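Written out below as structure tokens is the structure these notes cover.
The values are calculated or read from the model by the stated rules, or taken from the named source; none is laboratory data. Since the structure is predicted, the reported quantities are computational estimates derived from the model, not experimental observations. Cβ: placed from backbone, ideal geometry, glycine included. Neighbour counts: every protein chain shown. Please note that ligands, DNA and RNA were not included when accessible areas were found on the heavy atoms of the full protein model with its side chains. Shrake-Rupley method; radii C 1.70, N 1.55, O 1.52, S 1.80 Å.
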Amino acid sequence: MTIHYAGYYYYLRHPLIMKFSPSPKFARLLPLLLAPLFALPLTAAEPVQLWGSDLLKPILAAPLDTFAKSNEMVIQSTFEGTTSSRKALQEGKASIAIIALPEGAKLPEGYSQLPFAAQVVQVVVNSENPITEIRVEQLAAIFGIAGQKNFKQWSDMGLSGQWGSRSINLYAVRNDRSLALEIFKSSVLREFPVKPAVVYRADPKAVMTRIADDVSAIGLLPAMPLAGRVKSLAISTAVGEEFAPAYAPSAESVDFGDYPLTLNFVIVYNKADVKALKPILQFLLTDGVAEALEKADFLASPRKTRKENSMTIGLQ
């Protein structure tokens, strides 16, 4: 238990005590004699400095505030983006940060991480479209100006007959709440620009509706539930003649690192403070937080993974 000696110092400053001048030997013993009488538990813990991606503010700010009040904690949340949060970690200003962590990125020394959520890109087509999977290199030829490859018709994807003569109509979501388009550019197009033929909409449901009404359409959507005459394609990273399995977007395929069009968000925390941070870390791994993330088009870490990590944190 952490204690302080405010009572002892108040005692020494009391007017009646100030008139008393103890011997030097007794003066040295006085703190030891009085400490048990005035040692009190701290009434409030040190504020927990939590930083995070600005995309998470509308999702987590209110639940964190409610959690802090119900547990008599002080959590100071700053959602100014991943770059600012990483800097706060490096400077020792943040005890916890929830940030986007690209593959291969390193954490500051003394910090550990827990999987939290992900933003992914779903590649969606009309349900009548016969294809069920697609390669990353094919997506680059469809949506980007990718060197010599430029897919304009579904025949370029190997379809024949009536389907082979149809043009490929392009759609994508572009708004401030999702990184889906930026993830696609980084994971698929890399240095190539996006074709000007892409039709953008801010509302993901509007894009889904366009795809449902257009059998020739293909579109880029965030991790949202699909409805109507649309389906999501499995994605393969195979190049040329090589084989690589295709994976559909799911919490499990993202958790295992199989689905390629993904940006992971992790909880980074100071390992030295894990005991003090335990309640917050476990709260962030609850089903309630996961549901809030999924309503905002994130894929939460699978329940099994969250439960295992919560139990591990509890044992520390």
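Search the structure for amide H atoms under 5 Å from the amide H of Arg135, placed 1.01 Å from N in the peptide plane, and list their residues when 5 or more places away or on another chain.
Ser236
In whole percent, and with a 1.4 Å probe on the protein chains, what portion of the accessible area of the chain is carbon and sulfur?
Roughly 54 percent, rounded to a whole number.
Output the Kirkwood hydrodynamic radius of segment 52-158, Cα pairs only, in Å rounded to one decimal.
17.8 Å
Could you give the angle, 0 to 90 degrees to the nearest 10, between helix 204-213's Cα long axis and the longest principal axis of the Cα atoms of the chain?
So the inclination is approximately 20 degrees.
For segment 171-272, just say rounded, prolate or oblate: build the C-alpha gyration tensor, square-root its eigenvalues into a ≥ b ≥ c, call rounded for a/c under 1.5, and beyond that prolate if a/b exceeds b/c, oblate if not.
It comes out prolate by the Cα gyration axes.
What number comes out for the charge environment of Val136, summing +1 per Lys or Arg and -1 per Asp or Glu over other residues with Cβ under 14 Å away?
Summing Lys/Arg as +1 and Asp/Glu as -1 gives 0.
To two decimal places, what compactness ratio does segment 207-316 give when its Cα radius of gyration is scaled by 2.2 N^0.38 Å?
Values: Rg = 17.9 Å, N = 110, 2.2 N^0.38 = 13.1 Å.
Against the compact-globule rule of thumb, the ratio is 1.37.
What is the calculated FRET efficiency for Lys57 to Ser165, with r their C-beta to C-beta distance and R₀ = 45 Å, to the nearest 0.05?
Working from the Cβ atoms, E equals 0.40.
Once you charge only the Cβ atoms, +1 for Lys and Arg and -1 for Asp and Glu, what is the size of the charge dipole of segment 61-174 about its Cα centre, to the nearest 20 debye? Please report the intermediate quantities before stating the final value.
Working: 10 positive and 10 negative charges, 60 e Å.
Here segment 61-174 has a charge dipole of around 280 debye.
Please compute the length gained on full extension between Thr132 and Glu308, using 0.36 nm multiplied by the number of residues separating them and subtracting their Cα-Cα distance.
Gain in length upon complete extension: 60.0 nm.
Rule-of-thumb check for segment 103-151: C-alpha Rg over 2.2 N^0.38 Å?
1.82
Expressed in nm to one decimal, what extension gain is obtained for the pair Asn150 and Phe192 from 0.36 nm per residue of sequence separation less their Cα-Cα distance?
Residue separation times 0.36 nm, minus the Cα-Cα distance, leaves 13.9 nm.
Test of understanding: given the chain, find the longest segment containing no GluC sites (Glu not before Pro) that are in a DSSP loop and have at most 15 other Cβ atoms within 10 Å.
Excluding the exposed sites themselves, the longest stretch runs over 243-316.
Based on Cβ point charges of +1 for Lys and Arg and -1 for Asp and Glu, what charge dipole magnitude is obtained for the chain about its Cα centre, in debye rounded to the nearest 20?
Rounded to the nearest 20 debye, it is 1100 debye.
Can you compute 3J(HN,Hα) from phi for each residue in segment 194-202, using the Karplus curve 6.51 cos²θ - 1.76 cosθ + 1.60 with θ = phi - 60°, rounded to whole Hz and x for Gly and Pro?
Running phi through 6.51 cos²θ - 1.76 cosθ + 1.60 with θ = phi - 60° gives 7, 4, x, 6, 5, 9, 9, 9, 6 Hz.
With a probe of 1.4 Å, find how much accessible area the chain has per residue, and write the answer as a whole number in Å².
Each residue of the chain exposes 55 Å² on average to a 1.4 Å probe.
Output wanted: per-residue J couplings in Hz (rounded whole) for segment 305-314, from phi through Karplus 6.51 cos²θ - 1.76 cosθ + 1.60, θ = phi - 60°, x for Gly and Pro.
5, 4, 5, 4, 5, 5, 5, 5, 4, x
Could you compute the FRET efficiency for Val274 and Asp213, with r as their C-beta to C-beta distance and R0 at 45 Å, rounded to 0.05? Don't skip to the answer; put the middle values down first.
Values: r = 52 Å, r/R0 = 1.15.
The formula returns an efficiency of 0.30 here.
Could you point to the residue in Pro279, Thr305, Ser178 farthest towards the positive end of the chain's charge dipole, with +1 and -1 charges on the Cβ of Lys/Arg and Asp/Glu respectively?
Pro279
At q = 0.29 Å⁻¹, what is the base-10 log of I(q)/I(0) for segment 148-218 according to the Debye formula with one equal point scatterer per Cα and no solvent? Please give it to two decimals.
-1.28
How are the C-alpha pair distances of segment 104-204 spread across 5 Å bins, as whole percents from the shortest bin up?
Percent of Cα pairs in each bin: 2, 10, 18, 21, 18, 12, 7, 5, 3, 2, 1, 0, 0.
Show me, bin by bin at 10 Å from 0, the whole-percent P(r) of the chain based on Cα pairs.
Pairs per bin, as whole percents: 5, 22, 25, 17, 13, 7, 4, 4, 3, 1, 0.
Any idea what the relative contact order of the chain is, in percent, if you count C-alpha pairs under 8 Å spaced at least 6 apart? Can you show the working numbers first?
On the way: 535 pairs, mean separation 68.3, N = 316.
Result for the chain is 22 percent.
So how tilted is helix 57-70 from the main axis of the chain? Cα-based, degrees 0 to 90, rounded to 10.
Value to nearest ten degrees: 30.
Taking the 0 to 90 degree range and rounding to the nearest ten, how far is the long axis of helix 24-38 tilted relative to the main principal axis of the chain, both from C-alpha atoms?
Around 50 degrees separate the two axes.
Of all beta bridges DSSP finds with both residues in the chain, what is the antiparallel percent, to the nearest 5?
Antiparallel bridges: around 60 percent, rounded to the nearest 5.
Select from segment 224-316 those chymotrypsin sites (Phe, Trp or Tyr not before Pro) which occupy a DSSP coil region and have at most 15 other Cβ atoms within 10 Å, ordered by residue number. Walk me through the numbers before you get to the answer.
On the way: sites: Phe243, Tyr247, Phe256, Phe265, Tyr269, Phe283, Phe298; in loops: Phe243, Phe256, Phe298.
Sparse-neighbourhood loop chymotrypsin sites (Phe, Trp or Tyr not before Pro): Phe243, Phe256.
Residues with amide H under 5 Å of Gly144's amide H, sequence separation 5 or more or different chain, H placed in the peptide plane at 1.01 Å from N; which?
Lys195
List the residues whose amide H sits under 5 Å from the amide H of Asn169, counting only those 5 or more places along or on another chain, with H placed 1.01 Å from N in the peptide plane.
Those lying under 5 Å, H to H, from Asn169 are Ala217, Ile218.
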